[in-house]
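What follows is a set of notes on a single structure, which appears directly below.
The values are calculated or read from the model by the stated rules, or taken from the named source; none is laboratory data. Given the structure is predicted, the values throughout are model-derived calculations rather than measurements. With ideal geometry, Cβ positions are generated from the backbone for all residues, glycine too; neighbour counts draw on all protein chains shown. Heads up: the accessible areas ignore ligands, DNA and RNA and are worked out on the full protein's heavy atoms, side chains in. Shrake-Rupley method; radii C 1.70, N 1.55, O 1.52, S 1.80 Å.
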Amino acid sequence: MDITFNHTPEIFGFIHLAILAGIIVLSFLFYALMQNRKQQTLIRILGILGLIMVIGEAWKQWFVPRYVYTDGPSAWFFPWQLCSMAMYCSIVIPFLKGKLQDTVLTFLATYSLLAAIIALVLPYDMMRPQIWLFVHGFFYHGIMIIECIAAILILRQRQKVSFTPAIVLFAIMAVIAEVINIISHHIINDTHVEANMFYITPYYPTTQPVFHEISVSLGILPGILIYLGAITAGSYLLYRLMYHQIKA
């Protein structure tokens, strides 16, 4: 199980680009096969994919303390990153109804899609020397893309929904993430292994590209607010593009 690369793959190296190409091809294939399927079929697919993600996450939580952080407790891989939200959203969607389901679908089609794209294009924390953890990271985010496409296909069959509830859902998730960061800091008190959910820890500048420099220049709190605002702005752009394509 503890097998590693001789040389850890590099961002925009051959392996990374080949994986991206494969995910793009599979995404287009999924869209072509599923674009005319009924809502209930797509909802069942979301539930199944969510369950697969939960199983994968359980495996990761078993794997990490045995083969990655073996010297003590670590909360770095606690499952409450923005990308983790797709797992929770997908597995509960079959049990939701009405506006609540619309909200979760909209979140998947916007916030989760943006998170998945960024994570796949700039997979800094996924380029791990442990081969199985590396595979898990890209497999997970590939499933995310498929889930986001399924959510878009479902929303195409419905009346236009508001983006505002998705913002509220994102804000709630971000507050929970910050609470986890604060609790983790006081328990572990080691910036190398304590939680940094949503990359908005209040204890040091975000590690995300560009926004790190903003946090260093303007301060941690303004950096966090700008970062969360940028995510929301990008997600809203995807929302507008989604409905432009639907109307087209």
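Here is a yes/no grid of residues against (1) buried (at least 19 other Cβ atoms within 10 Å of the Cβ); (2) under 30 Å from residue 29 (Cα atoms); (3) free of Cβ contacts under 8 Å to residues at least 40 places away in the same chain:
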position	(1), (2), (3)
155	yes, yes, no
158	no, yes, no
172	no, no, yes
176	no, no, no
182	no, no, yes
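Among the residues of segment 127-143, is any crowded, with 20+ Cβ neighbours inside 10 Å, part of a loop (DSSP other than H, G, I, E, B) and hydrophobic (A, V, I, L, M, F, W, C)? For segment 127-143, residues crowded, with 20+ Cβ neighbours inside 10 Å, part of a loop (DSSP other than H, G, I, E, B) and hydrophobic (A, V, I, L, M, F, W, C): absent. Listed by first and then second residue, the pairs linking a residue in segment 211-229 that is at pLDDT 95 or above and open to solvent by 90 Å² or more (accessible area, probe 1.4 Å) to a residue that is not acidic (Asp, Glu) and not in a helix (DSSP H, G or I), with Cβ atoms under 8 Å apart and 6 or more places separating them unless they lie on different chains, are 216/205; 221/202. Exactly one residue out of 243, 203 is of a type in the set (Phe, Trp, Tyr) and modelled with pLDDT under 95, and it is 243.
For segment 78-89, does any single residue satisfy the condition of being surrounded by fewer than 16 Cβ atoms within 10 Å (Cβ to Cβ), part of a loop (DSSP other than H, G, I, E, B) and not polar (S, T, N, Q)? So that I can check it myself, show each step before the final result.
Filtering segment 78-89 down to residues surrounded by fewer than 16 Cβ atoms within 10 Å (Cβ to Cβ) leaves none.
No, segment 78-89 has no match at all.
Does at least one position in segment 48-61 carry a residue that is more than 19 Å from the chain's Cα centre (by Cα) and open to solvent by 60 Å² or more (accessible area, probe 1.4 Å)? Don't jump to the end; show me each part of the working.
Step one: list which residues in segment 48-61 are more than 19 Å from the chain's Cα centre (by Cα), which gives none.
Looking through segment 48-61, none of the residues is more than 19 Å from the chain's Cα centre (by Cα) and open to solvent by 60 Å² or more (accessible area, probe 1.4 Å).
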